[in-house]
Amino acid sequence: MPLTSRFRRGATAARGTTAACGVTVARVTVARGVTVAAAGLGLVLGGLVAPSPASALVGGTPADATKTPWLAAIGSPLFFVRPSGQFCGGSLIKPDQILTAAHCVDMFKNTPGLVTATFGRSDLVQNSGETVSVKSIKVNPKFTTTKFKDEDVLHHDTAILTLSRTVKRPTIALGAPTGATSRVLGWGFTSENDLFNTKLRSANVPLQPNAACQKAYGSSYDASDMLCAGTEKADSCQFDSGGPLLVKGRVAGLVSWGYGCGKPGYPGVYTRVNDLP
């Protein structure tokens, strides 16, 4: 399944995709800007397609994963196009539960054992930190996708991963999006043209009024379910999906979708965390 969104993105299938072996399969977007190929009941993770904006950090600075021990890189050993198999981010909210975006893991609902969570790894090419397998995946039953231009619009984009064991790490609390500034963390691309970033980055992202995203996205933006944040100088991008939008040290939203990375006039869209599965 090709990965596409901030991986920001949802599990949408494209018809008639042909794998390298000549077998026609469906392409499914698992993360913002990421697509994977599904053949029958089997799962083959392969080629990266042209990324759609919104899942790497634009305007960010290097971050130390040991300073955010609750932050997880969500991946799969079968997703070999990224180091550590990483395709999304997540936050440890209980000793055995991670909050992430539904579009990151919806395709794995029936095969949770293919998903891993890695903590404490600042650079995905390293072997540092702790990797734990996932036992079960619960996607928000209200999760749906629509379209804005060529981007997936993700509604109720939340999911809970239950780990195969508890981890001895601090958890992080959920909070409200109050104030003017927020912080985003992720291993994603640093621009729409960056295909190689593997390092954790942090960016201070201004919270925007709902009116800013309503102007940009029209009726696709649902203020009851979504948050608006970011500018052309600070935004999330591919492979940041599911990662936290932090406000006053708490998770107030998750990287979800948007039109481009740091594109003028199009803030990033984050899913609210007040409606969990």
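Quick one: is G218 at pLDDT 95 or above, out of contact with any Gly (no Cβ under 8 Å at 6 or more places or on another chain) and crowded, with 24+ Cβ neighbours inside 10 Å?
Working: at pLDDT 95 or above: yes; out of contact with any Gly (no Cβ under 8 Å at 6 or more places or on another chain): yes; crowded, with 24+ Cβ neighbours inside 10 Å: no.
It is false that G218 is at pLDDT 95 or above, out of contact with any Gly (no Cβ under 8 Å at 6 or more places or on another chain) and crowded, with 24+ Cβ neighbours inside 10 Å.
Looking at the structure I just gave you, is S164 surrounded by 14 or more Cβ atoms within 10 Å (Cβ to Cβ), of a type in the set (G, A, S) and within 23 Å of D64 (Cα to Cα)?
Values: surrounded by 14 or more Cβ atoms within 10 Å (Cβ to Cβ): yes; of a type in the set (G, A, S): yes; within 23 Å of D64 (Cα to Cα): no.
In short, no.
Quick one: how many residues across segment 108-151 are within 15 Å of G90 (Cβ to Cβ), of a type in the set (D, E, K, R) and modelled with pLDDT of 95 or more?
3
Hey, among the residues in segment 233-250 that are of a type in the set (A, V, I, L, M, F, W, C) and either under 21 Å from D106 (Cα atoms) or in contact with a helix residue (DSSP H, G or I) (Cβ under 7 Å, 6 or more places away or on another chain) (or both), which one's modelled with the highest pLDDT?
As a first pass, look at segment 233-250 and keep what is of a type in the set (A, V, I, L, M, F, W, C): 234, 237, 239, 245-247.
Still in the list and also either under 21 Å from D106 (Cα atoms) or in contact with a helix residue (DSSP H, G or I) (Cβ under 7 Å, 6 or more places away or on another chain) (or both): 237, 239, 245.
On the way: C237: 64, F239: 69, L245: 95.
Across segment 233-250, the extreme among qualifying residues is L245.
Of these, S164, S182, S202, which one is more than 14 Å from the chain's Cα centre (by Cα) and at pLDDT 95 or above? Break it down into steps so the answer makes sense when it comes.
On the way: S182 fails: at pLDDT 95 or above; S202 fails: at pLDDT 95 or above.
Checking each option against the conditions leaves just S164.
Looking at segment 54-79, which of its residues are under 12 Å from the mean Cα position of the chain (by Cα) and modelled with pLDDT under 75?
Answer for segment 54-79, where residues must be under 12 Å from the mean Cα position of the chain (by Cα) and modelled with pLDDT under 75: A54, S55, A56, L57.
Examine segment 58-66 for a residue that is in a strand (DSSP E or B) and of a type in the set (D, E), and state whether such a residue exists. First the steps, then the outcome.
Applying the first criterion (in a strand (DSSP E or B)) to segment 58-66 yields 58, 61-62.
Now restrict to residues that are of a type in the set (D, E): none.
Checking segment 58-66: not a single residue is in a strand (DSSP E or B) and of a type in the set (D, E).
Can you name every residue in segment 80-105 that is charged (D, E, K, R) and either closer than 15 Å to N274 by Cα or at pLDDT below 95 (or both)?
Quick first cut of segment 80-105, residues charged (D, E, K, R) only: 82, 94, 96.
Within segment 80-105, just R82 meets the criteria.
Among the residues of segment 240-266 satisfying the criterion of being of a type in the set (G, A, S) and part of a loop (DSSP other than H, G, I, E, B), which is nearest to the chain's Cα centre (by Cα)?
Here is the first cut: in segment 240-266, the residues of a type in the set (G, A, S) are 241-243, 249, 252-253, 256, 258, 260, 262, 265.
Within this subset, residues satisfying the condition of being part of a loop (DSSP other than H, G, I, E, B) are 241-243, 249, 258, 260, 262, 265.
On the way: S241: 1, G242: 3, G243: 5, G249: 19, G258: 12, G260: 15, G262: 16, G265: 22 Å.
Among those residues, the one meeting the criterion is S241.
State all residues of segment 267-277 that are surrounded by fewer than 24 Cβ atoms within 10 Å (Cβ to Cβ) and assigned to a strand (DSSP E or B); if no residue qualifies, say none. Outline the logic, then answer.
We begin by selecting, within segment 267-277, every residue surrounded by fewer than 24 Cβ atoms within 10 Å (Cβ to Cβ); these are 272-277.
The one that is surrounded by fewer than 24 Cβ atoms within 10 Å (Cβ to Cβ) and assigned to a strand (DSSP E or B): R272.
Is segment 124-140 home to any residue that is among the acidic types (D, E), out of contact with any Gly (no Cβ under 8 Å at 6 or more places or on another chain) and either surrounded by fewer than 19 Cβ atoms within 10 Å (Cβ to Cβ) or more than 23 Å from D64 (Cα to Cα) (or both)? Full working, then the answer.
Within segment 124-140, the first condition is being among the acidic types (D, E), and the residues that meet it are 130.
When the remaining residues are screened for being out of contact with any Gly (no Cβ under 8 Å at 6 or more places or on another chain), the result is none.
The answer is no; no qualifying residue exists.
The values are calculated or read from the model by the stated rules, or taken from the named source; none is laboratory data. If you're wondering where the values come from, they're calculated on a predicted model, not measured in any experiment. FYI the Cβ positions are ideal-geometry reconstructions off the backbone, even for glycines, and counts take in every protein chain you see.
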